[in-house]
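Structure, as structure tokens:
Throughout, read-outs are computed from the coordinates displayed, never taken from laboratory work. In this text the structure is predicted, and so the values were computed from the model without any measurement. Because the Cβ atoms are built from the backbone with ideal geometry, glycine has one as well, and the counts that use them run over all protein chains shown.
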Amino acid sequence: MLLCQICKQREATVHFTRIINQQKVEMYVCEQCARENNDIKVNINKLLHSIMGIDNVEGVEEQPFMIKKCENCGMTVEEFNKTGMLGCPKCYEVFDESIKTMLKRIHGNVKHHGKIPGKLSGKIQEARTLNDLKTRLKHCVQNEDYEQAAQIRDKIRAIEKNKEH
């Protein structure tokens with residue numbers, strides 16, 4: 001457990017980096033200290049003003065920075081990104097987007113498409129096509145696109161009839 005670098009009492013759940021005199025300074029602080037410390041808070045209006053020379057932006061409200069944390073095991077998104085491992089089954093739900101982002105970055109896709117043995121490639125490809133068509137059919141029915149659903153239904157019937165022969 002990493003302690004807050006400001007109060008040195010609570011667990012550090014917020015990580016931020018600053019550049020001070022061309023030196024990178026990293027801080028790990030608890031949520032309470034992050035809320036109370038004005039040096040840590042990011043003011044969107046000031047940021048846009050300094051970057052683009054824009055005065056106060058209307059309609060932009062500043063929201064507090066929140067760290068995703070699993071209620072079940074206490075793992076944070078920062079820990080997950082460092083280790084690549086999850087703490088409990090609930091983490092899969094909490095960090096769903098982070099998992100997909102990491103998989104896409106590492107593997108280029110979030111769906112596994114492993115190798116197919118030559119003898120089975122036709123059957124496996126046909127099964128995948130059939131599953132995809134059934135998923136599309138459900139989607140079309142839900143969206144009340146009955147013409148498209150009828151075309152997909154006919155394709156499914158043709159594939160299933162082909163399978164029987």
Worksheet entry | Amide H within-cut-off set for Met75, under 5 Å, with H built and near neighbours excluded | Cys70
Worksheet item: Excluding Ser98 itself, what net charge comes from residues whose Cβ is under 15 Å from its Cβ, given Lys and Arg +1 and Asp and Glu -1?
Response: +2
Worksheet item: R0 = 35 Å: FRET efficiency of Lys138 with Lys82, Cβ-based, nearest 0.05?
Response: 0.35
Fill in: Per-residue HN-Hα couplings for region 108-123 [Karplus 6.51, -1.76, 1.60; θ = phi - 60°; Hz; x = Gly/Pro]
x, 7, 9, 10, 6, 10, x, 6, 10, x, x, 5, 9, 4, x, 5
Item to complete: Report the normalised scattering of region 121-164 as log10 I(q)/I(0) at q = 0.13, 0.19, 0.27, 0.34 Å⁻¹, calculated by the Debye formula with identical scatterers on the alpha carbons.
Response: -0.28, -0.55, -0.90, -1.14
Worksheet item: Listing Thr83, Thr101 from the residue with the fewest other Cβ atoms within 10 Å to the one with the most, what is the order?
Response: Thr83, Thr101
Item to complete: May I ask which of Lys111/Lys138; Lys104/Lys163; Lys24/Lys69 have a Cα-Cα span longer than 24 Å here?
Response: Lys104/Lys163; Lys24/Lys69
Worksheet entry | Hz values of 3J(HN,Hα) by residue in region 154-162 - Karplus curve (6.51, -1.76, 1.60), Gly and Pro given as x | 5, 5, 5, 4, 5, 5, 5, 5, 4
Worksheet item: How would you rank Glu126, Glu78, Glu164, going from fewest to most other Cβ atoms within 10 Å of each one's own Cβ?
Response: Glu164, Glu126, Glu78
Fill in: Length added when fully stretched, Arg35-Lys163, from 0.36 nm per residue minus Cα-Cα
39.8 nm
